[in-house]
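Here the structure is laid out as structure tokens; the discussion comes afterwards.
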Amino acid sequence: VPRRRLRPKLDGLWRAVLFNSFHDILPGTAIPRALEEQTEELGGTLHGCRMLEREAMLALAPSARRSAPRGVPPDHPCATRVMVANPGARPFRGPLEIEAMLDFRPVWKYADRPADVPLELRGPAGERLRFQELANGHNFMPHLPWRKRIIFEAELPPRSHGIFTLGWVEDARRLPADRLAATAHGPHSIGNARLRITAPPGRHGVRIAADGSQLLAEEGLQALLVDDPYGPWGGHYEEPASLDLNRVRQRWRIVAARVVESGPIRAALWVRFAGARSELELTFRLGAATPYVTVEARLLFNERRARLKLALPGGDVADFALPGGVLRRGPQGEVPGGRWARVLNRQGR
């Protein structure tokens, strides 16, 4: 999309972001009527960005046309085309998710057996690709297949876009998996070749092991509720106690955990921590060959004068990324950091 068309629309969105990033507004230190307007303005900003992204994708779409597949039987749907763009300056290699219609009506032939629908995924050059089926994002008539959600490993060059197709193809044959490396290890554990995550209910923490050794000390990743009488601003006069919020009110327990994905591309473990009045859901995801864990969180927080901390015990010294450099710190209480922190053990590793 030409910049001259986008810039006037982006200017207003940027102003909304900058205004709401002001230090008296961002932490929520305002009266209720002001916060309602802030929520509305930020919601409109997100929606405006989504519409501009859609406008840009629609402008790219004509250059990514691909002819419809041949040999589709009468009254049988064609595969759904999905355009994927990589606007970045680096190649993209990683997992992509697609959820698409198989037909505008239920696939009656596979009623009550949706897992048997033969699917075919093809890449931008028409090549067949391996994939893993995931649970659909809806719960409407699960016994009648009409949509499918999948994940697959994709590659896109910098500043490029391409068409992927997903469809119901009656004689489709699945490509054999070259490895089954992201899978369940019992009802409360997932792993790949390097990492394993375990969350038995009743424990206080989630254990994460790398190459057979525990990454975190004590019980692993924990949810700690600590006293915090200072609010989002912290101590107004930087009182020493406001910079060291470590008086634990509750150590939440794992009350439920289950494997929600397992296959050749990705595995996922859903975990629920609970305290007396609040709860936290964490979904841990592992790719087949990724040396890292991704985590999604959803928190129901019903507390007063308190702060929830995700504790990752591992060492007493850490390197923090800061603007323009790296700073090594020992225990100092509440300190700011940048995009990452590197925790060192007693051996300096």
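Of all the listed residues (Thr29, Thr45), the sole one being more than 17 Å from Gly167 (Cα to Cα), open to solvent by less than 90 Å² (accessible area, probe 1.4 Å), polar (S, T, N, Q) and outside any helix (DSSP H, G or I) is Thr29. A search for C-beta distances below 9 Å between a residue of the stretch 66-87 that is closer than 19 Å to Gly123 by Cβ and open to solvent by 80 Å² or more (accessible area, probe 1.4 Å) and any residue that is part of a strand (DSSP E or B) and among the aromatic types (Phe, Trp, Tyr), counting only pairs 6+ apart in sequence or on different chains, returns Arg81/Phe164.
Could you tell me how many of the residues in the stretch 94-117 are touching a Pro at 6+ places or on another chain (Cβ under 6 Å) and of a type in the set (Lys, Arg)? Residues in the stretch 94-117 being touching a Pro at 6+ places or on another chain (Cβ under 6 Å) and of a type in the set (Lys, Arg): 0 in total.
For the stretch 297-340, a residue qualifies if it is more than 14 Å from Ala223 (Cα to Cα), in contact with a strand residue (DSSP E or B) (Cβ under 7 Å, 6 or more places away or on another chain), open to solvent by 60 Å² or more (accessible area, probe 1.4 Å) and without any contact (Cβ under 8 Å) to a residue 24 or more places away in the chain, and the qualifying residues are Val326, Leu327, Arg328, Arg339, Trp340. Screening Gly235 on (1) in contact with a His (Cβ under 7 Å, 6 or more places away or on another chain); (2) surrounded by fewer than 18 Cβ atoms within 10 Å (Cβ to Cβ) shows it passes everything except condition (1). Determine whether Arg149 is outside any loop (DSSP other than H, G, I, E, B), charged (D, E, K, R) and open to solvent by less than 60 Å² (accessible area, probe 1.4 Å). Yes; evaluated as a whole, the condition is true for this residue. Say whether the condition of being closer than 22 Å to Asn246 by Cα, of a type outside the set (Ser, Thr, Tyr) and assigned to a loop (DSSP other than H, G, I, E, B) is met by at least one residue in the stretch 282-301. Yes, the stretch 282-301 contains a residue that is closer than 22 Å to Asn246 by Cα, of a type outside the set (Ser, Thr, Tyr) and assigned to a loop (DSSP other than H, G, I, E, B). For the stretch 279-287, the criterion of being in contact with a strand residue (DSSP E or B) (Cβ under 9 Å, 6 or more places away or on another chain) and either open to solvent by 90 Å² or more (accessible area, probe 1.4 Å) or basic (Lys, Arg) (or both) is met by at least one residue. Reported count of residues in the stretch 242-272, each being of a type in the set (Ser, Thr, Tyr) and over 18 Å from the mean Cα position of the chain (by Cα), is 1. Checking each residue in the stretch 210-253 for being part of a loop (DSSP other than H, G, I, E, B), more than 26 Å from Ala289 (Cα to Cα) and in contact (Cβ under 8 Å) with a residue 60 or more places away in the chain picks out Glu218, Asp228, Pro229, Gly231, Pro232, Trp233, Gly234, Asp244, Leu245, Asn246. Taking the criterion of being open to solvent by 60 Å² or more (accessible area, probe 1.4 Å), free of Cβ contacts under 8 Å to residues at least 24 places away in the same chain and either under 13 Å from Met101 (Cα atoms) or within 26 Å of the chain's Cα centre (by Cα) (or both), the residues of the stretch 111-146 that qualify are Ala115, Asn139, Phe140.
The values are calculated or read from the model by the stated rules, or taken from the named source; none is laboratory data. Bear in mind the structure is a predicted one, so any value in this text is a computation, not a measurement. Methodologically, a virtual Cβ is constructed for each residue, glycine included, from the backbone with ideal geometry; neighbour enumeration extends over all protein chains shown. Quick note on the areas: whole protein, heavy atoms, side chains included, nothing else; ligands and nucleic acids left out. Shrake-Rupley method; radii C 1.70, N 1.55, O 1.52, S 1.80 Å.
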